[in-house]
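Worksheet: the structure to be examined is printed underneath.
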Amino acid sequence: MSSTNAFDDKVESWKEHQDTPWSRLYYSISQANLSRHMPKSERPLRFLDVGSGNGFDSIYYAEQGHQITLLDHSPAMLEEARARAVAAGVDDQATYHLAPVAEIPSLLNAARFDVVLCHGVAHYVEDLASLLRCICHPLRSGGLLSLISINRYSEPYREALLWRDMDAVQARLNAQTAESRVFGTSIRLRTAHEVIDQLEEGGCTLVSQYGVRCVNDYISDNDIKHDPVFFRELERLETAMSGQYPY
């Protein structure tokens, strides 16, 4: 996995990124997709947020009354997550672990979670099979894993439409890696089918597949995304496309 310092040093940049309309769209679509499959329970659900960063994914669910466990290998990100949980009044529903993903089987050996979130982590990891074994280890039988990763097929479109350097795009048409624009670290590009195959080989059953930001990332005019009317229309379209093949 990428070095801790790469994430520690970029907390403020990450928070600025999360405040953009396209980042808010990412979270709202992800939450809407997951809500369709949430386990039915009379008790609060137990969430494990793997690579939690500053807690944007899981603190939302604590605010809905659930218990959350946040695990990250960046001290600065985890401290920011704790501060956000305190500000939201849900710190008593949260548990924090400063640890790499590889330590999950030993660290959380006795824990059984209803939902495991692994959002924006897989593309930072070289050994996907090992990651999946670790994050599925504490998932209870019948539990739900929500995994979000960059789709390799999206990168050529984005680079061609946004940067318009066709020679550069063609040279990287089959690239397996790219660079994170926020953190400046290398990321691994995989197709959805590659990820799904690995999940099924590990014993998971695919419940559903979604697209996130199917249109947004190809719109070069960021100013228009700050327009409330346009953003509402974009969010409505993204929601409709998200669960519809082939988007």
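Out of all the residues in the range 62-98, which are in a loop (DSSP other than H, G, I, E, B) and over 18 Å from the mean Cα position of the chain (by Cα)? Can you show your working first?
Taking the range 62-98 and keeping what is in a loop (DSSP other than H, G, I, E, B), we get 64-66, 73-74, 89-90.
If the condition is that a residue be in a loop (DSSP other than H, G, I, E, B) and over 18 Å from the mean Cα position of the chain (by Cα), then GLN64, GLY65, HIS66, GLY89, VAL90 are the ones that fit.
Taking the stated definitions as given, is SER35 polar (S, T, N, Q) and free of Cβ contacts under 8 Å to residues at least 40 places away in the same chain?
For SER35, the condition - polar (S, T, N, Q) and free of Cβ contacts under 8 Å to residues at least 40 places away in the same chain - is met.
Show me the helices (runs of 4 or more DSSP H) entirely contained within the range 117-183 in which 1 or more residues are modelled with pLDDT under 95. Talk me through it step by step, then tell me what you get.
Details: elements: 128-136, 154-158, 166-171.
Passing ranges, in order: 154-158, 166-171.
Pick from ARG36, ARG24: which is within 25 Å of LEU237 (Cβ to Cβ), basic (Lys, Arg) and surrounded by 15 or more Cβ atoms within 10 Å (Cβ to Cβ)? Walk me through it before giving the result.
Details: ARG36 fails: surrounded by 15 or more Cβ atoms within 10 Å (Cβ to Cβ).
None of the other options fit; the residue is ARG24.
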List the number of the failed condition for GLU42; all other conditions in (1) farther than 26 Å from ARG190 by Cα; (2) outside any loop (DSSP other than H, G, I, E, B); (3) among the acidic types (Asp, Glu) hold. (2)
Here is a list: PRO228, PRO246. Which entry is free of Cβ contacts under 8 Å to residues at least 12 places away in the same chain, open to solvent by 90 Å² or more (accessible area, probe 1.4 Å) and not small (Gly, Ala, Ser)? PRO246
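Return yes or no: is SER74 among the polar types (S, T, N, Q) and open to solvent by less than 10 Å² (accessible area, probe 1.4 Å)?
Working: among the polar types (S, T, N, Q): yes; open to solvent by less than 10 Å² (accessible area, probe 1.4 Å): yes.
So SER74 fits the description; yes.
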Just to verify a result, which residue in the range 60-71, among those that are in contact with a strand residue (DSSP E or B) (Cβ under 7 Å, 6 or more places away or on another chain) and open to solvent by less than 40 Å² (accessible area, probe 1.4 Å), is farthest from SER35 (Cα to Cα)? LEU71
Can you run down the residue pairs with Cβ atoms below 8 Å, 6 or more apart or on separate chains, where the first is in the range 170-184 and farther than 15 Å from ARG152 by Cβ and the partner is among the basic types (Lys, Arg) and open to solvent by less than 40 Å² (accessible area, probe 1.4 Å)? none
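Filter the range 138-153 for residues that are in contact (Cβ under 8 Å) with a residue 12 or more places away in the chain and surrounded by fewer than 16 Cβ atoms within 10 Å (Cβ to Cβ); which is nearest to GLY211 (Cα to Cα)? If you could, list the steps in order and put the result at the bottom.
Our first condition is that a residue be in contact (Cβ under 8 Å) with a residue 12 or more places away in the chain; within the range 138-153, this holds for 138-140, 142-153.
Subsequent filtering for residues that are surrounded by fewer than 16 Cβ atoms within 10 Å (Cβ to Cβ) retains 140, 142, 153.
Working: ARG140: 26, GLY142: 23, TYR153: 12 Å.
Per the criteria, the residue is TYR153.
The values are calculated or read from the model by the stated rules, or taken from the named source; none is laboratory data. This structure is a prediction, so every number in the text was calculated from the model and none was measured. Glycine also receives a Cβ, built like all others from the backbone with ideal geometry; neighbour counts cover every protein chain displayed. Surface areas here come from the heavy atoms of the whole protein model, side chains and all, with no ligands, DNA or RNA. Shrake-Rupley method; radii C 1.70, N 1.55, O 1.52, S 1.80 Å.
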